[in-house]
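Participant: Questions regarding the structure given below will be posed in turn.
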Protein chains: 2
Amino acid sequence: MARTVKGPDARRERWKGHREQRRAEFVEATIAVVAKKGPDVGMEDVAAEAGVSKPVLYRHFTDKSDLYLAVGQKATEVLMERMGPALAAEGSIRDRITGIVDAYLSVIEENPNLYRFVVKGSFADRPVEKDVVAEDKNLIAATLARILGDYLRAFDMDSGGAEPWAHALVGMVQNAGDWWLERQTMSRANLSDYLATIIWHALDGLLRSAGVEIDPATPLTPLRLVD
Amino acid sequence: MARTVKGPDARRERWKGHREQRRAEFVEATIAVVAKKGPDVGMEDVAAEAGVSKPVLYRHFTDKSDLYLAVGQKATEVLMERMGPALAAEGSIRDRITGIVDAYLSVIEENPNLYRFVVKGSFADRPVEKDVVAEDKNLIAATLARILGDYLRAFDMDSGGAEPWAHALVGMVQNAGDWWLERQTMSRANLSDYLATIIWHALDGLLRSAGVEIDPATPLTPLRLVD
DNA sequence: AAGTAACCGTTACCTCAAGTAACACTTACC
DNA sequence: GGTAAGTGTTACTTGAGGTAACGGTTACTT
């Protein structure tokens, strides 16, 4: 009895969650070993950190770039979690922009090696197609583009520029952050403020040129969150 | 007679220029083979393209990253040559910004594989320290920072923001250009205009907040060229 | 109870690109 | 004629990514 109704064989289902969990475990191991030994770790190091030999690792990831990709996604997730509150926060626009930028900077400041691993160590050998960072940046940029587009449409403006805008903003913050991370010649708060100023002025100019006036101190209710 | 005054032995000097020329030759070969076979070429491919075997290549470059670096520098040189005129051009500020951005985009549009090789294929294996792209981006950013700083000082403004500004701008244009290059969903002119708009507004806002008013159509004599 | 589908894990190997050793020949300065 | 630079070759070493082949465990199926 029980289930003679059998789905395709319960032995197959038995592990469903387990595999996911195991992958996550290896991703954690990678992050740990990167934090310890710097961004130039190999598959063997990762396996060792997880207390296991290479083939086991390869049972869960087809490939180095597969692992790297997973790490990148995890990192993006962490990043998003940190930026989410800043995105949704109450307060003036100016302050919210600063908050978002600063959230980003604080994440890379706290995990410099992970950041380098994901951003620099990418491309996992051959295939330029399967770019690891690109995926993550695109995800972030897409999120941003959606938010921007919504706001533009809310003001009855052309939303065609939302995508280039989003990618421009992402690149701007990322590159400035990268520079800052390597030689820290100013405080984080300072940089956040500089970047937020640039963004704010650009945004203000854009709206102004469409005849929309906005006060930097206006709270401007969020249209929607990260979703 | 002649020169019994001997410098350290003329046999050493004899090749001085030659080595430089040879390096340049290999750099050209790399660029050629990358254009032909895509950004994922190995040392053997490069050597073959130059009609020579690997060890010869290694006589002139200590290392893969050494070659990559040289290629990056050459590419940066080309880029600078193309952006130079746009930097120095007469015309309104707005137009000049557009010109500079468009010059950049046109270069990556014409050499997509070289661009990918330099930007993505970087990091030449292990050493994250010796980052290939970073060098070039820093060079460009430094040039920009100098120009910006000079202008800011000319207006008696705090020039401390010039460096972050420069890195922000570089990242912005680079990332937007990257996105555009992969999926060309808008015309180059269109993107140039969007980016120039962002930059112009940011710049305008910065000056405005310091009480300086500037007309986008003002020619604004260049303080100095690339130098 | 026997079979089997999924996992656990190992050691020892293969592969391929980066980089090197060792060797031989050429040119022009000394 | 000696030698310091360069020209070039084939054949090797190295190291990291990735695989083969083996054996053990668990819990579902028959």
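The values are calculated or read from the model by the stated rules, or taken from the named source; none is laboratory data. As the structure is a computational prediction, the values presented were derived from the model and not from experiment. Cβ sites come from the backbone with ideal geometry, for glycine too, and all protein chains shown count toward neighbours. What goes into the accessible areas is simple: the full protein's heavy atoms, side chains included, and nothing from ligands, DNA or RNA. Shrake-Rupley method; radii C 1.70, N 1.55, O 1.52, S 1.80 Å.
Participant: How much length, in nm to one decimal, is gained on full extension between A:A210 and A:Y58, taken as 0.36 nm per residue of separation minus their Cα-Cα distance?
Facilitator: Numbers: separation 152, 0.36 × 152 = 54.72 nm, distance 5.46 nm.
Difference between extended and current length: 49.3 nm.
Participant: Show which aspartates and glutamates lie in cross-link reach of A:K120 when reach means a straight Cα distance below 12 angstrom and same-chain residues fewer than eight apart are skipped.
Facilitator: Answer for A:K120, where 12 Å is the Cα cut-off: A:D40, A:D131, A:D178, B:D125, B:E129, B:D131, listed by chain and number.
Participant: Just to check I understand the Karplus step: with θ = phi - 60° and J = 6.51 cos²θ - 1.76 cosθ + 1.60, what whole-Hz values come out for the stretch B:135-141, glycine and proline as x?
Facilitator: Going residue by residue, I get 3, 5, 4, 4, 4, 5, 4 Hz, with x marking Gly and Pro.
Participant: Suppose R0 equals 51 Å; then what is the FRET efficiency for A:A142 and B:E20 from their Cβ-Cβ distance, rounded to the nearest 0.05? Please list the in-between numbers first.
Facilitator: Working: r = 46 Å, r/R0 = 0.91.
After rounding to 0.05, the efficiency reads 0.65.
Participant: Please identify, among B:F61, B:F117, B:F155, the residue showing maximal mean-square fluctuation in a Gaussian network model of chain B using a 10 angstrom Cα cutoff.
Facilitator: B:F155
Participant: What are the label-to-label distances in nm, one decimal and shortest first, from B:H18 to the same spot in the other copies, with labels 7 Å along Cα to Cβ?
Facilitator: In nanometres, ordered from closest: 6.8.
Participant: Once the Cα atoms of helix A:162-182 and of chain A are each reduced to a long axis, what angle between those two axes, in degrees from 0 to 90 to the nearest 10, is obtained?
Facilitator: 70
Participant: Working from Cα positions, state the angle (0 to 90°, nearest 10) between the long axis of helix B:16-37 and the longest principal axis of chain B.
Facilitator: 70
Participant: Something else: Among residues other than B:N190 whose Cβ falls under 12 Å from its Cβ, what is the net charge (Lys/Arg +1, Asp/Glu -1)?
Facilitator: Details: positive: B:R188; negative: A:D158, A:E163, B:D102, B:D193.
Result for the neighbourhood of B:N190: -3.
Participant: On to the next question. Does the stretch A:13-61 classify as rounded, prolate or oblate by the C-alpha gyration tensor (a ≥ b ≥ c root eigenvalues; a/c under 1.5 gives rounded; else a/b over b/c gives prolate, otherwise oblate)? Show your work: numbers first, answer last.
Facilitator: Numbers: a/c = 3.06, a/b = 1.93, b/c = 1.59.
Prolate is the answer for the stretch A:13-61, as a/c is 1.5 or above and a/b outweighs b/c.
Participant: Defining a contact as two alpha carbons under 8 Å apart and six or more residues distant in sequence, what relative contact order in percent does the stretch A:72-227 show? Could you put the intermediate results ahead of the total?
Facilitator: On the way: 126 pairs, mean separation 56.4, N = 156.
Relative contact order, the stretch A:72-227: 36 percent.
Participant: Let a ≥ b ≥ c be the square roots of the eigenvalues of the Cα gyration tensor of the protein assembly as shown; is it rounded (a/c under 1.5), or, if not, prolate (a/b larger than b/c) or oblate? All intermediate terms of the calculation are to be shown ahead of the outcome.
Facilitator: Numbers: a/c = 1.96, a/b = 1.04, b/c = 1.89.
In terms of gyration-tensor shape, oblate.
Participant: For the stretch A:159-186 and the stretch A:130-151, what is the centre-to-centre distance using only Cα atoms, to the nearest Å?
Facilitator: Using only Cα atoms, the two centres lie 12 Å from each other.
Participant: I would also like to ask the following. Please work out the average accessible area per residue across chain A, using the 1.4 Å probe convention, and give it in Å². Intermediate values should be presented prior to the final figure.
Facilitator: Details: 11540 Å² over 227 residues.
So chain A comes to 51 Å² accessible per residue, rounded to a whole number.
Participant: Still on this structure: At 1.4 Å probe size, with the rest of the protein present, what percent of the exposed accessible area of chain A is carbon and sulfur atoms? Present the calculation step by step, with values, prior to reporting the outcome.
Facilitator: Working: 6260 of 11540 Å².
The value for chain A is 54 percent carbon and sulfur by accessible area.
Participant: Calculated from DSSP H runs of 4 or more alone, at -39500 (n - 2.57) each and per residue, what is the 222 nm mean residue ellipticity of chain B, nearest 500?
Facilitator: Details: 10 runs with 157 residues, N = 227.
-23000 deg cm²/dmol, from helical runs alone.
Participant: Quickly work out the A:R153-to-A:E81 label distance, labels modelled 7 Å from Cα along the C-beta direction, and quote it in nm with one decimal.
Facilitator: Label-label distance for A:E81 and A:R153, simple model: 3.1 nm.
Participant: Please work out the FRET efficiency for the pair B:L181 and A:A88, using the Cβ-Cβ distance as r and a Förster radius of 25 Å; give the result to the nearest 0.05.
Facilitator: Working: r = 33 Å, r/R0 = 1.32.
The computed FRET efficiency comes out at 0.15.
Participant: Continuing with this model, one more query. Just to confirm a number: summing +1 for Lys and Arg and -1 for Asp and Glu over residues other than B:Q73 whose beta-carbon lies under 10 angstrom from that of B:Q73, what do you get? Write down the numbers at each step before the final one.
Facilitator: Numbers: positive: B:K74; negative: B:E77, B:E135, B:D136.
Local charge sum for B:Q73: -2.
Participant: I would also like to ask the following. By the scheme Lys and Arg +1, Asp and Glu -1, what is the net charge of all other residues having a beta-carbon under 9 Å from that of B:W179? Spell out each step's value before the answer.
Facilitator: Working: positive: A:K137, B:R183; negative: A:E163, B:D178, B:E182.
Result for the local shell: -1.
Participant: So how tilted is helix B:64-88 from the main axis of chain B? Cα-based, degrees 0 to 90, rounded to 10.
Facilitator: Approximately 40 degrees, to the nearest ten.
Participant: Right, here's the next one. Interface size between chain A and chain B, please: total buried accessible area, 1.4 Å probe, rounded to the nearest 100 Å². List each step's numbers first, then the result.
Facilitator: Values: alone 13170 and 13130 Å², together 23040 Å².
Looking at A and B, the buried total is near 3300 Å².
Participant: Let me ask something additional. Longer than 31 Å from Cα to Cα, which of A:K16/A:K64; A:K37/B:K137; A:K54/A:K74; A:K74/B:K54; A:K54/B:K137 are they? Say none if no pair is. The partial results should precede the final answer.
Facilitator: Values: A:K16/A:K64 23 Å; A:K37/B:K137 27 Å; A:K54/A:K74 21 Å; A:K74/B:K54 40 Å; A:K54/B:K137 37 Å.
Too far apart for the 31 Å limit: A:K74/B:K54; A:K54/B:K137.
Participant: Here's a follow-up. Is the shape of the stretch A:133-209 rounded, prolate or oblate, going by the alpha carbon gyration tensor and its root eigenvalues a ≥ b ≥ c, with a/c under 1.5 for rounded and a/b larger than b/c for prolate?
Facilitator: On the way: a/c = 3.32, a/b = 1.53, b/c = 2.17.
Judged from the Cα gyration tensor, the stretch A:133-209 comes out oblate (a/c at least 1.5, b/c at or above a/b).
Participant: How much accessible area does A:Y104 have with a 1.4 Å probe, in Å² rounded to the nearest 10?
Facilitator: 30
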